1. Among all the lysines, which ones have a C-alpha under 26 Å from Lys64's C-alpha, if same-chain residues fewer than 8 places away are not counted?
2. Taking a cut-off of 18 Å, what percent of all Cα-Cα pairs in the stretch 196-302 are separated by more than that?
3. How would Ile257, Ile425 line up by accessible area, probe 1.4 Å, largest first?
4. Would you kindly find the accessible area of Ser333, with a 1.4 Å probe and non-protein molecules such as ligands, DNA and RNA excluded, rounding to the nearest 10 Å²?
5. Tell me which lysines have Cα within less than 16 Å of Lys349's Cα, excluding those fewer than 8 residues away on the same chain?
6. Could you give each residue of the stretch 23-39 its phi-based ³J(HN,Hα) in whole Hz, using Karplus coefficients 6.51, -1.76, 1.60 with θ = phi - 60°, and x for Gly or Pro?
7. Put Lys109, Lys47 in order of accessible area, largest first, 1.4 Å probe: what do you get?
8. Expected output is a single nm value to one decimal: the length gained when fully extending between Val141 and Asp263, i.e. 0.36 nm times separation in residues minus the C-alpha distance. What is it?
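The values are calculated or read from the model by the stated rules, or taken from the named source; none is laboratory data. Please read all numbers here as calculations on a predicted model, not as lab measurements. Don't worry about glycine lacking a Cβ; one is built from the backbone with ideal geometry, like all the others, and counts go over all protein chains shown. For accessibility, only protein heavy atoms count, side chains too; no ligands or nucleic acids. Shrake-Rupley method; radii C 1.70, N 1.55, O 1.52, S 1.80 Å.
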Amino acid sequence: MASEKIDILLLGAGGREHALLMKLADSPRAGKLYVAPGNGGMLQLAKKAPINPDDPTEVATWAKDNGIGLVVIGPEAPLVAGVADAVRAAGIACFGPNAQAAQMEGSKKFAKEVMARAGAPTAAYRSFTDRAACEAYVREVGGPVVVKADGLAAGKGVIVAQTTEEALAGVDECFSGAFGDAGATVVVEEMLEGPECSLLALTDGVTVVPLATSQDHKRAYDGDKGPNTGGMGVYSPVPILLDGELERMVQIEQQVIDQLRADGITYSGCLYGGFMLTKDGPKVLEFNARFGDPETQVVLPRMQGDLVEAFLACDNGTLDPAMLSWGDNWAVSVVLASAGYPGSYEKGKVITGIDAAEACEGVTVYHAGTALDEDGNVVTAGGRVLDVTAVADTFEQARANAYAACELIDFEGKQYRSDIGLKAILGRENL
Ligand code: AMP
Ligand code: GLY
């Protein structure tokens, strides 16, 4: 029955998962909600499932024993570990690609080979398992060049090197084990230039339904300075696209999904395309096999539609573009981080002012690195602590409301970028 409620288990603990959970909870189909491991915000809406989210058997067994009707996988680690395979094998609907399809994120080499067969434009590259051969190639092509650890390296493992020396240092870092096993294979690729744009899409393996565009801010400090982070802020939509760029990005994602299907791999879930808008058109920087974080925190609040129905349709091959629609609104999200992030930081700082921030027009505060202490206080528990998101009719209003809300929240060591979204105002010619 279409109106039957189903109980849902959501894996993950970030701002992305808090945003997913809130949207799932809005659905008339949502029954009991469980999370593993969850965070201080998610645990106010859902119960904790006492399982390791990265363990396929543990997740599938618990879901079966507890009558779960849909498992939603937020982060990449459980996908690559095969949690979706185990859940589906147990006869339970799952949102997220199987382990083979998740190689689009899990192995840059795999993704590049699929892109080559699909005719999807991306940076020219070579991959190496031999250190000497890799160094020789880097000396031959010289900087600027990009060096990447092949496997999952938690957003690190990419060295954008301006000079040959920096590139060689990056190769050394990868092969010396700085990124663990992820660095045993090293990809060396051409440096692309242009603004970046993220395009998330839902897919059932055949139909691709693009979500709204968004733009992340990966560097820690204002002016895109400082070390790379998981993302310090984001906005949606991206107003600087030229004619035809969105259509081209959608086409590239469709080509990749079609190629995987031709290879015998059904990719169902979210396909995240990270694009560089080069003067020769959009080119793929990377694919991720999941929703983006923090992109989800601006895309989902702008979306209308039943996320439970859409996720079930991705799983059972009935995805239809009419399931989702978009308003003309804007969203801006600013990350409040702990002092020291992305390096080491302290935890356990009491957070105040979340309610006051959420009383601001159009503001939602998504929890990322938070926990509840014994007294029920929300305390810091991670590097990226909160995503303060505002939705409004204009970009300027969304930005102003998000920053006003940021000032109302306090915890020891709070740091955030003050220039999130300024690129949207500058215009393409000034980037
Ligand atoms: P990735 O994890 O592959 O998305 O890389 C992280 C960031 O490194 C990207 O968001 C880009 O800013 C940068 N990057 C990665 N690959 C390239 C490339 N081929 N050219 C220029 N910048 C790149
Ligand atoms: N926002 C970057 C990512 O989710 O990988």
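1. Lys5, Lys23, Lys32, Lys47, Lys48
2. Numbers: 2772 of 5671 pairs.
Result for the distance tail: 49 percent.
3. Working: Ile257 0, Ile425 90 Å².
Largest accessible area first, the residues go Ile425, Ile257.
4. 0 Å²
5. Lys349 reaches Lys414.
6. Each residue of the stretch 23-39 in turn: 6, 5, 5, 5, 6, x, 7, 6, x, 6, 10, 10, 10, 9, x, x, 9 Hz.
7. On the way: Lys109 80, Lys47 130 Å².
Per-residue accessible area, sorted high to low, gives Lys47, Lys109.
8. Values: separation 122, 0.36 × 122 = 43.92 nm, distance 3.24 nm.
That pair, Val141 and Asp263, stretches by 40.7 nm at full extension.
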